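Below you'll find the structure, written out as structure tokens, and then a few comments.
The values are calculated or read from the model by the stated rules, or taken from the named source; none is laboratory data. It should be emphasised that the depicted structure is a prediction, and the values quoted were computed from it without experimental measurement. Positions of Cβ are generated from backbone atoms using ideal geometry, with glycine treated the same way; all protein chains shown enter the neighbour counts.
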Amino acid sequence: MKKQLYRAAAATVLGLSLTTGVVAADTGSIDQTGKDSSNVVSTTVENSNDVQNKNHINALNLNGQFGASGDAKSNDNTTGGAAETGDVDNSNDVTAELNVSNKASSAPMAMSSTTTGGGSISNTGNSSDNTVTSTTTNSNTVTNTNDLSVANVNVQLGQSGDAKSSGNTTGGSAKSGSVSNTTTSSFTFNVEN
């Protein structure tokens, strides 16, 4: 009878030793744990950077020009004089320059490649399970959306007038003016991501 009681008591003590000594820490150190203990020191660092640049750039140039010279007539004269219309000149010069830079905001964030935690486990009991882990996760996402559009509409019209010399005993010279349309457009977009 006494023998059976001792065995039961020994089994109870063994069962208690298997369920004690579970220690966990985020950083730092673990020291002086008992037999069959489970010790964990874990460090986790997460760095996340999300940058979104949206550039909507529109350039619109509308140019409408019209020039007309008047009529020049020398008619029904004994001696006709010279008849000459004036010149017509349309000129348009447009220059647009735009610089957009997203380089500063698109630069990757300075992220640590090593953890600042860590730790140590020492002086643990017999048959202990000890684990030290350090995890670093870096995430850098940059999204650049550039929408550039240019609309250049140029309408030019030049018309010289009529030059007539008719019904004269001695006709003079008749000359219509020249017509010149000139346009120059320049658009420069510099986008740096």
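Brief remarks on what is shown
- Matching residues, the range 155-180, being under 22 Å from Ala59 (Cβ atoms) and not β-branched (Val, Ile, Thr): Gln156
- Positions within the range 159-169 being closer than 29 Å to Ala68 by Cα and either in a loop (DSSP other than H, G, I, E, B) or touching a Gly at 6+ places or on another chain (Cβ under 7 Å) (or both), in sequence order: Ser160, Gly161, Asp162, Ser165, Gly167, Asn168
- Residue tally, condition in a strand (DSSP E or B) and either under 21 Å from the mean Cα position of the chain (by Cα) or surrounded by 14 or more Cβ atoms within 10 Å (Cβ to Cβ) (or both), over the range 85-101: 11
Yes/no matrix, rows are residues, columns are (1) within 30 Å of Gln65 (Cα to Cα); (2) hydroxyl-bearing (Ser, Thr, Tyr); (3) assigned to a strand (DSSP E or B):
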residue: Asn130; (1), (2), (3): no, no, yes
residue: Ser134; (1), (2), (3): no, yes, yes
residue: Ser139; (1), (2), (3): no, yes, yes
residue: Leu157; (1), (2), (3): yes, no, yes
residue: Phe189; (1), (2), (3): yes, no, yes
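- Test: residue in the range 42-60 that is in contact with a Gly (Cβ under 6 Å, 6 or more places away or on another chain), more than 30 Å from Ala151 (Cβ to Cβ) and either of a type in the set (A, V, I, L, M, F, W, C) or not in a strand (DSSP E or B) (or both): no
- One residue alone among Lys35, Lys73 is over 30 Å from Thr143 (Cα atoms), more than 54 Å from the chain's Cα centre (by Cα) and surrounded by fewer than 16 Cβ atoms within 10 Å (Cβ to Cβ), and that residue is Lys35.
- Residue in the range 146-153 that is surrounded by fewer than 11 Cβ atoms within 10 Å (Cβ to Cβ), modelled with pLDDT of 80 or more, in contact with a Leu (Cβ under 6 Å, 6 or more places away or on another chain) and not in a loop (DSSP other than H, G, I, E, B) present: yes
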